[in-house]
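Encoded as structure tokens, the structure appears first; notes follow it.
The values are calculated or read from the model by the stated rules, or taken from the named source; none is laboratory data. In this text, all values refer to a predicted model and were calculated from it rather than measured experimentally. Here the Cβ is made from the backbone with ideal geometry for all residues, glycine too, and neighbour counts use every protein chain on show.
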Amino acid sequence: MTIARIGLWVLVVAVLAAGSTAWAQSRADVTIYAPGRLKEPLEELAREFERQGRAKATLVYDPGPELARRIEQGAAADLLISDDPASLDMLAKQGLIRIETRVSLVKGAERSYRAAVVASTRSKTTYDYLRYLRSQAAQAVWERHGFSASD
């Protein structure tokens with residue numbers, strides 16, 4: 001092989017590697033903190049979101065106050081879903097969630113769940129995921145698991 005051909009192959013490999021890195025960066029994963037009561041519908045929704053090639057969701061479950069404490073301590077979360085309004089209020093006062101993203105998500109038999117983007121996230125994927133959780137397709141999943149659309 002000549003030096004020119006070797007150089008060409010090196011260039012092709014470099015371009016392909018750069019393209020796959022750019023694709024991986026555009027498909028950023030999202031970390032979601034949520035109460036354990038939402039585990040089944042959230043896992044189903046996460047599988048579908050990933051199957052569509054949009055992103056992989058990492059789901060972390062705990063009670064609302066514990067999730068808020070983790071965010072206060074700097075945990076790497078992108079989206080918080082909580083059934084504890086006091087925790088959301090506290091995080092909002094500290095500037096740890098984006099107030100403008102705080103929305104009603106779903107209602108269960110005993111509780112309402114709200115979602116908010118964590119202030120430290122810079123991922124467009126987080127906003128896409130929040131829209132997805134509130135979409136018509138997601139509502140069918142929520143309803144199948146006993147939850148209803150929230151006002």
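Any residue that is basic (K, R) and at pLDDT 95 or above - is there at least one of those in the stretch 39-47? Even if it seems obvious, please write down each step before you answer.
First pass over the stretch 39-47, keeping only residues basic (K, R): 39, 47.
Now drop any that are not at pLDDT 95 or above, which leaves 39, 47.
Yes: the stretch 39-47 contains one or more residues that are basic (K, R) and at pLDDT 95 or above.
Consider T58 against the criteria (1) loosely packed, with under 15 Cβ neighbours inside 10 Å; (2) part of a helix (DSSP H, G or I): it satisfies all of them except one. Which criterion is unmet?
Against the list (1) loosely packed, with under 15 Cβ neighbours inside 10 Å; (2) part of a helix (DSSP H, G or I), T58 comes up short only on (2).
Return only the number of the condition from (1) in contact (Cβ under 8 Å) with a residue 40 or more places away in the chain; (2) hydroxyl-bearing (S, T, Y); (3) buried (at least 20 other Cβ atoms within 10 Å of the Cβ) that S104 does not satisfy.
All conditions are met except number (3).
Given R69, R47, R37, which one is of a type in the set (D, E, K, R), part of a helix (DSSP H, G or I) and crowded, with 19+ Cβ neighbours inside 10 Å?
On the way: R69 fails: crowded, with 19+ Cβ neighbours inside 10 Å; R47 fails: crowded, with 19+ Cβ neighbours inside 10 Å.
None of the other options fit; the residue is R37.
Given the structure, is A115 touching a residue at least 12 places away in the same chain (Cβ under 8 Å), touching a helix residue (DSSP H, G or I) at 6+ places or on another chain (Cβ under 8 Å) and either part of a loop (DSSP other than H, G, I, E, B) or within 17 Å of T58 (Cβ to Cβ) (or both)?
So A115 fits the description; yes.
Does S135 fit the bill of being touching a strand residue (DSSP E or B) at 6+ places or on another chain (Cβ under 8 Å) and on the phi < 0 side of the Ramachandran plot?
No; evaluated as a whole, the condition is false for this residue.
Kindly indicate which of I32, I6 is outside any helix (DSSP H, G or I) and either at pLDDT below 95 or under 24 Å from the mean Cα position of the chain (by Cα) (or both).
Exactly one residue qualifies, and that residue is I32.
Output the residue which, of all residues in the stretch 90-101 that are modelled with pLDDT of 95 or more and in a helix (DSSP H, G or I), is surrounded by the fewest Cβ atoms within 10 Å (Cβ to Cβ).
K93
Got at least one residue in the stretch 135-144 being under 16 Å from the mean Cα position of the chain (by Cα), in contact (Cβ under 8 Å) with a residue 12 or more places away in the chain and not in a strand (DSSP E or B)?
yes
Scan the stretch 72-112 residue by residue and report those that are among the β-branched types (V, I, T) and closer than 17 Å to Y61 by Cα.
Answer for the stretch 72-112, where residues must be among the β-branched types (V, I, T) and closer than 17 Å to Y61 by Cα: I81, V106.
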